[in-house]
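The values are calculated or read from the model by the stated rules, or taken from the named source; none is laboratory data. All figures in this text were calculated on a predicted structure; none of them were measured in a lab. Counting neighbours? That spans all protein chains shown, and the Cβs are built from the backbone with ideal geometry, glycine included. Accessible surface areas use protein heavy atoms only, side chains included; no ligands, DNA or RNA. Shrake-Rupley method; radii C 1.70, N 1.55, O 1.52, S 1.80 Å.
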Amino acid sequence: MVYQSYKLAAEATRQTATPFALGLAQNAESVSSALSKSVKRKRSDADEEASSVAVPTPKKSCEEGDDPVMEVPASGFGDFGAALARIKQVREDESDPEQGQKLLFWGALDFRAANFKFPLANNETGLEYLSDETIKNVKTHLELLVTAAADSISDSCATLLKVMRTVVDNGSTLDLAEVKSLMMRGGVPYLVAALKKCVTGFASLVDCTDEGAKETLHSIELLQEELLKVDADDEETQWLVLIIQQMKYNDCKPNNLTERTVDAYQIIPFAINDCIGLRYGDGASKADATDKQRRASSAGGKRVDYLHIIGNLELGSGENSRRGWHDSDLIAGTKCGIAQIRQIKEDLGKNLTERHSDVLSDMLLKIGTATYQVHDGEMSFRLTFNLGAELYALYQWARVKLPDDLRSTLDMAENFLIAKVQYLIARFYSLASSLR
């Protein structure tokens, strides 16, 4: 079975019996079932870095003249030969002043949907060099990764998200202020009782003479039953209600928000959680710095606003983009994502022998690094994925507005939970491989 290594690695982790390792195993197993700003450097610095890595230096293990980045992936998604040839052309065109601002230059194919083509709106995707079948195969797999992560959110938290969204979307007056008041007075049980009251109220509005009335009433009954799943002691549920309590009313936030004010009010509360470390504020990515050293570049690691780390392993990043830096920040996030995947692959390679090659390939099919970027009052969530060899895919799974009401707060929270699962999966496989 393609995803059997989830269970194998989960069992290996379970044998260590540490609470942290068990938590990682549980996240990985649930995914298995579902799958079955920093201060910016001057332009001259960026140009110097781009020119220094135009043709990556092969690893020592490669034969003389080989370029590992140009090897054809053997991942089963399809034929990437023409796309790799185009990447080589882009890298060799030193007359192009925007060379380093192209995803192809960094070995990444752009799988963002048409409605997500900003920033880097005019980017050459590279998809025109792939067959329709290959594009479909890759997109289906990337969608499955995100769906699996969403399905891994606890039943309690997922139910709370679903019911609150339903209540808000159907004309309820429930808002941030009321939810915060309910939580202060009686915690999660008070909130659940209020939601049940709202849902029951929907039934009184149904016209029983309508053709679909019976089905509507049945849906309302199911929604009421689902509220029984909400567990006040569930960690993700506690995280969600804490987020809601931390959100400030619009009239409490300063006017003319600065970049760092947006960070403080609308991003940091979501970016912090108990199982993944957050380094905030103009920090250089160590993974990107190490990646540059492999290519004999003297440039430092990319500076990003948010770095998500467990131990010494970087697992994701985020940017709050100032006007004029949207494109560069997207490139920075993608580069960091690629470097982090390479770091994870290197970590896995240290612990898995040649006889584990099939398991290693299977593990890499589950690993993507999640990144996010703030631009124009919205947050974009993306996934960087290794297609095989040194070819990568950039995929965007959501764009939501920055939280300023209950609905947008729920949307932001859900997508940060999806990103968290991606971080945990990557760390899980790195940890599990060391137990073999």
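The table that follows gives values for the structure above.
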| read-out | value |
| --- | --- |
| Surface accessible to a 1.4 Å probe, per residue, for the residues of segment 137-241, Å² | 53 Å² |
| Accessible surface, segment 283-419, averaged per residue in Å² (probe 1.4 Å) | 31 Å² |
| Theoretical gain in end-to-end length, N122 to T290 [0.36 nm per residue, Cα-Cα removed] | 57.5 nm |
| Förster radius 35 Å - calculated FRET efficiency between E259 and T200 (Cβ-Cβ, nearest 0.05) | 0.20 |
| Accessible carbon and sulfur surface of segment 239-345 relative to its total accessible area, %, 1.4 Å | 49 percent |
| Contour minus Cα-Cα distance for T140 and T216 (0.36 nm per residue) | 24.1 nm |
| Accessible surface of segment 372-436, 1.4 Å probe, proportion on carbon and sulfur as whole % | 40 percent |
| Nitroxide proxy distance, nm - points 7 Å out along Cα→Cβ at S95 and N115 | 4.1 nm |
| Tally of Lys pairs whose C-alpha atoms are under 13 Å apart, taken over segment 278-436, 8 or more apart or cross-chain | 6 |
